[in-house]
Amino acid sequence: KTVCGFNDAQFSSNGTLLYFQTPAWATSGAIHVYDFKSGKEHFVVDGDELIVLNRCDAKEYRDHLIVTQHKYFVFGGSYDWPWLISPAGKVEGLVGGDEVKLDEIVKEACS
């Protein structure tokens, strides 16, 4: 498969990994990572609006990702809210809802 349409490219804190978003599905993009040491790329998680916490002083969040994911309410409707994702692609938890100010949350969590 060919990866094309690179968006939101951001390095990990040590500069060896490059995370980026590609077009994927009707409701979501795909987050991938390229490892400069191995020369390999792989899919990490579905999502859009990638933020890599590469300058985070808090070690427990450093190099984690924040991405918006398209999800569905049980009784109808959908939402695109930001989620904290581990570097391995594991969903750690919900960051906020529609009105969340990500820059403020990142600043508070990472200092």
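Values in this text are rule-based calculations from the coordinates and carry no lab data. All values derive from a computational prediction rather than experimental measurement. No Cβ is skipped: glycine too gets one built from the backbone with ideal geometry, and neighbour counts run over all protein chains shown.
Derived scalar couplings between HN and Hα for region 35-52 equal 9, 5, 5, 8, x, 10, 10, 8, 5, 10, 6, 6, x, 9, 6, 5, 10, 9 Hz in order, rounded to whole Hz, by the Karplus curve 6.51 cos²θ - 1.76 cosθ + 1.60 (θ = phi - 60°), x for Gly and Pro. Cysteines in the chain lacking any other cysteine Cβ under 4.7 Å from their own Cβ: 4. Taking every C-alpha pair closer than 8 Å and separated by at least 6 residues, the mean separation divided by the residue count of region 7-110 gives a relative contact order of 18 percent.
Dipole size of region 7-110 about its Cα centre, with +1 on Lys/Arg Cβ and -1 on Asp/Glu Cβ: approximately 360 debye, rounded to the nearest 20. Relative to the current alpha-carbon distance between residue 10 and residue 27, full extension at 0.36 nm per residue lengthens the span by 3.9 nm.
Trypsin sites (Lys or Arg not before Pro) within region 7-93: which are DSSP loop residues with at most 12 other Cβ atoms inside 10 Å?
Values: sites: 37, 40, 55, 59, 62, 71, 90; in loops: 37, 55, 59, 62, 90.
Hits after loop and neighbour filter: 37, 55, 59, 90.
Taking Cβ atoms as reference points and 12 Å as the exclusive limit, the residues near residue 108 contribute a net charge of -1, counting Lys and Arg as +1 and Asp and Glu as -1.
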